[in-house]
Each structure stands twice: as structure tokens, then as C-alpha cells.
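> This is the structure I want to talk about, given as C-alpha cells.
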């Protein structure tokens, strides 16, 4: 992570990967969307919404920052959790800068994965807008400072935007010198099909409660762009048992109809064009606990 000028690279151009890591529900996806000023990462109030590493590209004067939004690091309960943690570990391995997001509480300890990271480490204390007194932030910052793990500590609110510009300045300064990897107009690398599946999954988290959202996965099985007509999208929602399927569909299909309408509007807003969305529900017993099922769904084993 040297700041020495690579051969052929201007001395004022910086480019590198920044991994957003932390425990579930600390605001990683919200922060990435705030940086990009566009929603590419799904966000809900429930923890463990993010399951896959999502890449966002932020271009600015003299820099290109490749942001890696990651699943929350937690104690795994089954194979899906282990696959999610592997996604976060891969991002840590790729990162030039590790941005550790935390809530404004005094830590018991810093996550071992953060301690082991090779990239330059920056701490962001998120959700400071929730503090009743600003002085309550001081012991939090002091505890992380005394860990000796972080080059910079930045308090902020990803939701309101407070402190985000200061954090951006810190991250850009930490990037290595290098030419941009992507064209300046590009903000993501995943195909539209990926984001459509994520949007449907986000709406499931919003519309349903308790265990149902966590037992679902979304496969986009058809995505056809049609001249002179709306795009046709078919998505299959996987659940683990018949009870969950009945809840998703609802009485006389009312629940899935509402889900489909809400998801369609969100997809159209994201794609900026009309779509016809067809949703089906399929039972895939214990898919979260089966490595073969997870591999087929695109999770690393």
C-alpha cells in the first residue's frame, strides 16, 4: 500500500478497492448508496439483508473508488451464513482500504477479521444522529483509538449525510496511486438481472416478518427486453417449506400480488423503463443448509 508513484501513473490519480465491513445492520449498504447518490444496494431495517458482495464505483476528481458492500460478519448458524461470511472475507482480501463500520457503543473487542486485514484501516462510527448527547461519542472514539488498529476515526450518519464528506476525504487520501479500472460513467459491474433479484428480495424483507424473509432466495429465471413492449421478467422465490409458501402467497394470492406490484414499481424505477413481472414460489427444502443448493444459487462454497 505504498504511496510511491507507479511508473506511468500521474502523481495525483488514485484508484483502489474499499471494503465496507462490520456486523449486521450497521449501515454499510446505506453508506454505499449515499456515496454513489444512487441506490444499488438493498436496504431494510432488518439485519442480514445483504447476502452477496456488491460492487459500486465512485468517480471523483483525481480518483476512482471501488466500494465493496459486504454481508455482516456474525457467528454462522448454517451454510448460508458461512457463504455470506466468505463473501466478506473475500472483500477484505481484495481491499486496499478496509472501512470498518460500527455503531456508537463502546466495543467489547474489534472483530478478528478486521484485525487480520492487510489493507489500511479506517473506522466509521455510524448512527451518531441517534445519540442523545454528543459527549457519549467520546468514550467510543477513545476505545477504538486505543486499539491502535485504525489510521483515522470518523463519526457520521450515513442516513442523514452528516460526516460523509469527511469520511470520503479520508478514504480518497488512503487510496493507492493508480489509473482507474473502469470507465467514468460506470457505477456497478453486476448485470441488471442481479439487481432485479435483489430488489425482489428487498421487498420480501419489507413485506414479511419473522423468519420468512430469511428463508427466501430469489432466482431471476427470465429477463427479456422486448421492442415496443415492456420487459418480461420472471422470478422464482425459493422457500424451505409449504408453510412459508402459503404465507408468501397469502389468502387468494393477495400477499404475493401486493409484493409483485411493489417490486415491479421499484424495478421500473431502477431500470427507468416499464416491466412485466411474474413471481412464482417454489419449495426447496433446507436450501440454506445445503452446499449444492448454495453453489447453484451462486454462493461461494
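The values are calculated or read from the model by the stated rules, or taken from the named source; none is laboratory data. Since this is a predicted model, take the numbers as computed values, not measurements. FYI the Cβ positions are ideal-geometry reconstructions off the backbone, even for glycines, and counts take in every protein chain you see.
> So if I check each of 203, 273, which one is out of contact with any strand residue (DSSP E or B) (no Cβ under 7 Å at 6 or more places or on another chain) and touching a residue at least 40 places away in the same chain (Cβ under 8 Å)?
Numbers: 273 fails: out of contact with any strand residue (DSSP E or B) (no Cβ under 7 Å at 6 or more places or on another chain).
The conditions single out 203.
> Next up: I'm told residue 17 meets every condition in (1) assigned to a strand (DSSP E or B); (2) at pLDDT below 95 except one. Can you identify the failing condition by its number?
In the conditions (1) assigned to a strand (DSSP E or B); (2) at pLDDT below 95, residue 17 misses (2) alone.
> Considering each of 83, 124, 93, 117 in turn, give the residue that is crowded, with 19+ Cβ neighbours inside 10 Å and over 19 Å from residue 144 (Cα atoms).
Details: 124 fails: over 19 Å from residue 144 (Cα atoms); 93 fails: crowded, with 19+ Cβ neighbours inside 10 Å; 117 fails: over 19 Å from residue 144 (Cα atoms).
Going through 83, 124, 93, 117 in turn, just one is crowded, with 19+ Cβ neighbours inside 10 Å and over 19 Å from residue 144 (Cα atoms): 83.
> Is there a residue being more than 27 Å from residue 38 (Cβ to Cβ), touching a residue at least 12 places away in the same chain (Cβ under 8 Å) and in a helix (DSSP H, G or I) anywhere in region 96-114?
The answer is yes; a qualifying residue exists.
> Under 9 Å by Cβ, and 6 or more places apart or on different chains, what pairs join a residue from region 249-265 that is over 13 Å from residue 278 (Cβ atoms) with one that is not in a helix (DSSP H, G or I)?
So the pair list comes out as 249/281; 255/208; 258/250.
> Right, here's the next one. Kindly evaluate residue 26 against the criterion of being modelled with pLDDT of 95 or more, farther than 27 Å from residue 207 by Cα and within 15 Å of the chain's Cα centre (by Cα).
Details: modelled with pLDDT of 95 or more: yes; farther than 27 Å from residue 207 by Cα: no; within 15 Å of the chain's Cα centre (by Cα): yes.
No: the conditions fail for residue 26.
> Quick check on this structure: which one of 234, 166 is surrounded by fewer than 17 Cβ atoms within 10 Å (Cβ to Cβ), in the same structural domain as residue 136 (by TED's automatic domain parsing), touching a strand residue (DSSP E or B) at 6+ places or on another chain (Cβ under 8 Å) and at pLDDT 95 or above?
On the way: 234 fails: in the same structural domain as residue 136 (by TED's automatic domain parsing).
Only one candidate passes the filter, namely 166.
> In region 50-60, how many are within 19 Å of residue 38 (Cβ to Cβ) and assigned to a loop (DSSP other than H, G, I, E, B)?
Taking region 50-60 first, the residues within 19 Å of residue 38 (Cβ to Cβ) are 50, 52-60.
Those still in the list that are assigned to a loop (DSSP other than H, G, I, E, B) too: 50, 52-53.
Adding up the residues that qualify gives 3.
> Look through 168, 159 and report the one residue that is in a helix (DSSP H, G or I), under 25 Å from residue 95 (Cα atoms) and under 20 Å from the mean Cα position of the chain (by Cα).
168
> Which ones in region 72-95 are touching a strand residue (DSSP E or B) at 6+ places or on another chain (Cβ under 8 Å) and outside any loop (DSSP other than H, G, I, E, B)? It would help to see each step written out before you state the result.
So in region 72-95, the residues touching a strand residue (DSSP E or B) at 6+ places or on another chain (Cβ under 8 Å) come out as 73, 88, 91-92, 94-95.
Selection gives 88, 91, 92, 94.
> Kindly indicate which of 268, 217 is buried (at least 20 other Cβ atoms within 10 Å of the Cβ), under 22 Å from the mean Cα position of the chain (by Cα) and not assigned by TED's automatic domain parsing to the domain that holds residue 82. Walk me through it before giving the result.
Working: 268 fails: buried (at least 20 other Cβ atoms within 10 Å of the Cβ).
Residue meeting the stated conditions: 217.
> All but one of (1) in contact (Cβ under 8 Å) with a residue 40 or more places away in the chain; (2) within 30 Å of residue 14 (Cβ to Cβ) hold for residue 208, so report the exception by its number.
(2)
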